[in-house]
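Participant: Right, I'll just put the structure down here and ask away after.
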Amino acid sequence: MLINNWYVLALSEELGDEPLGVHALGRDLVLYRDADGVARCLVDTCVHKGGSLCRGLVVGGAVQCPYHGWRFDGAGQCVEIPSLGPEQNIPKRARVDAYPTAEKWGWIWAFLGDLGESERPTLPDFFPELDEGTEDWRFNRGKAQFQCNWVRAVENGVDRSHAVFVHTDFGNPERKQVADYEVIDDGNSLYVRGTSKPLDKRGQWRDA
C-alpha cells in the first residue's frame, strides 16, 4: 500500500531546463519540464536500448535519450525516432511508463502507484495558510540523507519527544516538555501540526 501515495521527488528549484534523475521506492526515474513548464515523471530507461533518459536533453517539450535520440513526451509515448525519418510511423508500443505529477509548496510530487485517477488520494494539505497567499508564513526547504532503515527515519520523524530532546535545531534538552500539537487525519494522510520556538538555531534554521 505504501506505493499508492504521493511522494516528493525533488525541490521545484532543482528542475530546470535539463532532465533530473531521481531514485524512489526502488525505481530509477527521470523528471523534466515540458514545453509549458509542467514537471513530468517517467521511468529512466529508454525502451530501445536501455539508455538513461536523465543523461539526455529536453527537446521540444520531450525528453531525448542520449543513445539514439528517441524522444518521449509527458505521457511516456515516443514522439520521435530520428533513424526512421519523418515518413515512417512510430510504433505505439514505443513508450515508457509515466507517472502523474503535481507541484506544490516548492516540491515536485509524483504518484508511483497503480490506482486510477478517481481512486488516488489527494495531495496532503499540510499548509493551507500558504494556499491563501498569506505573507506570515514561509518555507525553509532542504534535504537530509539518513544512513538507516527508512522505518526508523519515519519513526523518529513523528516522535516529537525525541526531536525536542535531541535536536537543538528545533528543540533543546533544557526544555524537554513537548508543546501541544494537533493530530490531523484528512482521510488520506495523518500528520501533526504545532509550533515551537527554537532556543539554539543552527545551520539552515539560523535565519528562520
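Participant: Between V59 and R93, what length in nm is gained on full extension when 0.36 nm per residue of separation is reduced by their alpha carbon distance?
Facilitator: Numbers: separation 34, 0.36 × 34 = 12.24 nm, distance 2.11 nm.
So the chain would gain 10.1 nm between V59 and R93.
Participant: Ignoring ligands, DNA and RNA, what percent of the 1.4 Å accessible area of the chain is carbon and sulfur?
Facilitator: Numbers: 6550 of 13680 Å².
The C+S portion of the solvent-accessible surface of the chain is 48 percent.
Participant: Further question on the same structure: Ordering E80, E13, E119, E155 by how much accessible area each has at a 1.4 Å probe, largest first, what is the list?
Facilitator: Working: E80 70, E13 150, E119 120, E155 95 Å².
Largest accessible area first, the residues go E13, E119, E155, E80.
Participant: Just check segment 21-76 against the gyration tensor rule for me: Cα atoms, a ≥ b ≥ c as the square roots of the eigenvalues, rounded for a/c under 1.5, and otherwise prolate or oblate depending on whether a/b exceeds b/c.
Facilitator: On the way: a/c = 1.98, a/b = 1.09, b/c = 1.81.
Note, shape of segment 21-76 comes out oblate.
Participant: For R95, tell me the accessible area in Å² from a 1.4 Å probe, rounded to the nearest 10.
Facilitator: Counting only protein heavy atoms, the figure is 100 Å².
Participant: Given the -39500 (n - 2.57) contribution per DSSP H run of 4+ residues, what per-residue ellipticity at 222 nm results for the chain, rounded to the nearest 500 deg cm²/dmol? Mind dumping the intermediate values first?
Facilitator: Numbers: 3 runs with 20 residues, N = 208.
Using -39500 (n - 2.57) per qualifying helix, the result is -2500 deg cm²/dmol.
Participant: Is segment 1-122 best put as rounded, prolate or oblate by its Cα gyration tensor, with a ≥ b ≥ c the root eigenvalues, rounded for a/c under 1.5, and otherwise prolate when a/b is larger than b/c, oblate when not? Intermediate results must be reported in sequence, preceding the final value.
Facilitator: Values: a/c = 1.95, a/b = 1.57, b/c = 1.24.
Note, shape of segment 1-122 comes out prolate.
Participant: Something else about it: Summing +1 for each Lys or Arg and -1 for each Asp or Glu, what net charge is found among the other residues whose Cβ lies under 13 Å from the Cβ of R71? The partial results should precede the final answer.
Facilitator: Numbers: positive: R40, R95; negative: D34, D73, E80.
Summing Lys/Arg as +1 and Asp/Glu as -1 gives -1.
Participant: Which length gain, in nm to one decimal place, applies between F139 and V192 when the Cα-Cα distance is subtracted from 0.36 nm times their residue separation?
Facilitator: 17.4 nm
Participant: Under the rule that a partner needs its Cβ under 4.7 Å from the first Cβ, which Cys of the chain have none?
Facilitator: Cysteines lacking a close Cβ partner in the chain: C41, C54, C78, C148.
Participant: Could you give the dipole magnitude of segment 5-121 about its Cα centre, charging the beta-carbon of Lys and Arg +1 and that of Asp and Glu -1, in debye to the nearest 20?
Facilitator: Values: 11 positive and 16 negative charges, 69 e Å.
Dipole of segment 5-121, to the nearest 20 debye: 340 debye.
Participant: Ok, one more. Just to confirm, what accessible area per residue do you get for the chain at 1.4 Å probe, in whole Å²? Don't jump to the answer; show the numbers that get you there.
Facilitator: On the way: 13680 Å² over 208 residues.
Ligands and nucleic acids excluded, the result is 66 Å² per residue.
Participant: How large is log10 I(q)/I(0) at q = 0.07, 0.10, 0.18 Å⁻¹ when the Debye formula is applied to the Cα atoms of the chain, each weighted equally and without solvent?
Facilitator: Results for the chain at q = 0.07, 0.10, 0.18 Å⁻¹ read -0.30, -0.57, -1.33.
Participant: Taking the Cα centre of segment 38-177 as origin and charging only Cβ (+1 Lys, Arg; -1 Asp, Glu), how large is the dipole, in debye to the nearest 20? It would help to have the intermediate numbers written out before the result.
Facilitator: Details: 16 positive and 19 negative charges, 134 e Å.
Approximately 640 debye in magnitude.
Participant: Now a separate question. When only the heavy atoms of the protein chains count and the probe is 1.4 Å, how do Y32, Y181 rank by accessible area, highest first? Each step should come with its number before you reach the end.
Facilitator: Working: Y32 0, Y181 110 Å².
These residues rank, largest area first, as Y181, Y32.
Participant: For V63, what residues show an amide H to amide H distance below 5 Å, using hydrogens built from the backbone and excluding near sequence neighbours?
Facilitator: F72
The values are calculated or read from the model by the stated rules, or taken from the named source; none is laboratory data. Here the structure is a predicted model, which means the values were calculated and not measured. Counting neighbours? That spans all protein chains shown, and the Cβs are built from the backbone with ideal geometry, glycine included. Side chains are part of the model used for accessible areas, which takes the heavy atoms of the whole protein and leaves out ligands, DNA and RNA. Shrake-Rupley method; radii C 1.70, N 1.55, O 1.52, S 1.80 Å.
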